[in-house]
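Report on the structure given below.
Bear in mind that the values in this text are calculations on the coordinates, not laboratory data. Quick caveat: nothing in here was measured; it's all calculated off a predicted structure. Methodologically, a virtual Cβ is constructed for each residue, glycine included, from the backbone with ideal geometry; neighbour enumeration extends over all protein chains shown.
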Amino acid sequence: DAPAAPTAAQALRSRGRFTRNFVVQATAADWALALLGSLRRRLTALRTPQLVFFQHDEVIVHAPAGLAEEVTAAVHAAADEARRLLFGDTAVVFPMEVAVVDRYADAK
């Protein structure tokens with residue numbers, strides 16, 4: 001037997017979920033792009049660090065160990081700048097966990 005066609009109420013709920021999820025995902029993508037733009041500008045000012053990789057919720061920066069503190073500060077500042085750009089003056093915090101490691105595989 002073929003599955004029953006969704007009722008109008010079910011279709012409306014499904015469309016509502018899709019719409020809400022789209023808005024959340026699109027906003028997250030905009031925030032990530034703002035973060036990356038700000039971070040690239042900050043890393044350029046430090047000269048040596050390089051933005052190596054970004055996917056979903058991970059940013060990998062390659063930098064000399066001596067610049068680890070400055071790069072960590074740049075990541076946090078970029079996240080805060082992206083928050084202010086997209087959401088204005090809000091108390092909402094966007095936590096960024098930073099791992100300073102010798103090998104990419106060691107980052108958790």
Label of the coordinate-derived value, Rg and Dmax of the Cα atoms in Å, listed as [x] 15.0, 45; [y] 19.4, 67; [z] 22.4, 79: [y]
Neighbour counts of other C-beta atoms within 10 Å: give me H56, H62 arranged from fewest to most. H56, H62
By the scheme Lys and Arg +1, Asp and Glu -1, what is the net charge of all other residues having a beta-carbon under 12 Å from that of P95? -2
Percent breakdown of C-alpha pair distances by 5 Å bin, ordered from the shortest bin, for segment 53-108: 4, 17, 25, 24, 15, 9, 5, 1
Exposure proxy check on T72, T48: fewest-to-most Cβ neighbours within 10 Å is T48, T72
Given only helices, namely DSSP H runs of n ≥ 4 each adding -39500 (n - 2.57), what is the per-residue ellipticity at 222 nm of the chain, to the nearest 500 deg cm²/dmol? -19500 deg cm²/dmol
Just want to confirm a number: the relative contact order over the chain, from Cα pairs under 8 angstrom separated by 6+ residues, in percent. 22 percent
Ranking of S14, S38 by count of other Cβ atoms within 10 Å, fewest first: S14, S38
In debye to the nearest 20, the charge dipole size for segment 8-106, taken about the Cα centre with +1 at each Lys and Arg Cβ and -1 at each Asp and Glu Cβ, equals 580 debye
Cut-off 18 Å, label point 7 angstrom out along Cα-to-Cβ of R103: give me the residues of segment 64-92 whose amide nitrogen falls inside. 65
